[in-house]
1. Hey, can you grab everything whose amide H is under 5 Å from the amide H of G191? Only 5+ residues off in sequence or another chain; H modelled, so Pro and N-termini drop out.
2. Whole-Hz Karplus ³J(HN,Hα) for the range 166-174, in order, using 6.51 cos²θ - 1.76 cosθ + 1.60 and θ = phi - 60°, x for Gly and Pro?
3. Semi-axes of the equivalent ellipsoid of the range 100-220: what are they in whole Å, largest first, if each equals the square root of 5 times a C-alpha gyration tensor eigenvalue?
4. Using all C-alpha to C-alpha distances in the range 105-175, build P(r) with 5 Å bins and read off the rounded percent in each one.
5. Per residue of the range 121-137, what does 6.51 cos²θ - 1.76 cosθ + 1.60 with θ = phi - 60° give for ³J(HN,Hα)? Whole Hz please, x for Gly and Pro, Karplus curve as stated.
6. Name the lysines eligible as straight-distance cross-link partners of K145: C-alpha to C-alpha under 16 Å, and not fewer than 8 places from it in the same chain.
7. Can you send over the carbon and sulfur percentage of the accessible area for the range 115-220, probe radius 1.4 Å, protein chains only?
Amino acid sequence: MCTAAVLTAAAVLGGTVAADTAGAATGARSGEGPAPSPSELKAALLTPGDTGLSGADSTGGGGGVGGDGISGCPALVKVLEAPPGAGTQEADFSGGQTGPLLSEELTAGTSAKEGAVYARAKAALTSCRDLTLTEGGTRLALTLKPIRFGGGESTATRMEGKLSGVQVNGYMAFGRVGPVLVGYTFFQIAGDSPQLASALYQKAVDKVRHTVSTGGGTPV
């Protein structure tokens with residue numbers, strides 16, 4: 001079924017910007033406060049009340065990439081397949097059988113560390129033009145096009161493909177708020193407007209800025 005394939009695609013893309021963050025949540029450069037704790041990150045996640053969607057599931061970042069795999073863009077695949085960093089928190093949402101589907105992941109460390117990780121994730125996302133998700137024998141080929149979400153410390157792409165002749169539209173974004181990396185994916189079926197995806201992404205980074213004590217001061 002088309003809906004099941006899109007649900008799988010959203011799950012595969014759930015483990016986003018955790019590359020090279022393992023162990024970072026416990027460190028800090030001289031002059032910085034402590035990195036945000038897992039409880040702070042969890043409090044900064046979007047909720048059903050924030051999104052208007054149901055099914056929030058805080059996983060603690062334990063999932064990684066499931067399914068048969070991701071292919072088509074080696075640099076981005078490396079980012080997406082990286083294991084989650086220490087303290088990573090994740091929430092997943094669904095608007096029902098026809099979506100939309102949203103996944104948010106927050107990872108924290110020192111500002112210097114997360115800045116370097118964000119730079120690598122940004123370079124991978126901006127260079128990628130094709131991505132294929134495979135799960136249970138079902139393949140979803142996506143064409144990627146850069147799109148603007150957030151400000152200067154944010155990068156995003158629009159993903160377009162078809163399953164069983166039905167249009168699938170999605171968005172992937174990485175952002176940085178101080179020492180916190182925000183990973184975001186959004187899928188919708190048969191719709192092509194970026195407005196809801198963009199609005200919820202901005203709400204996600206605003207909530208991080210206002211909730212995490214060490215997260216302010218870096219615009220996204």
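The values are calculated or read from the model by the stated rules, or taken from the named source; none is laboratory data. Please read these numbers as outputs of a predicted model, since none were measured by experiment. For accessibility, only protein heavy atoms count, side chains too; no ligands or nucleic acids. Shrake-Rupley method; radii C 1.70, N 1.55, O 1.52, S 1.80 Å.
1. It is N169, by chain and number.
2. Karplus-based 3J(HN,Hα) across the range 166-174 equals 9, 5, 10, 10, x, 9, 10, 9, 10 Hz.
3. Over the Cα atoms of the range 100-220, the semi-axes work out to 27, 15, 12 Å.
4. All Cα pairs, binned at 5 Å, distribute as 3, 15, 22, 20, 16, 12, 7, 3, 1, 0 percent.
5. 5, 5, 4, 5, 5, 6, 8, 8, 10, 9, 8, 10, 9, 10, 8, x, x
6. K145 reaches K122, K162.
7. Result for the range 115-220: 50 percent of the exposed heavy-atom area is carbon or sulfur.
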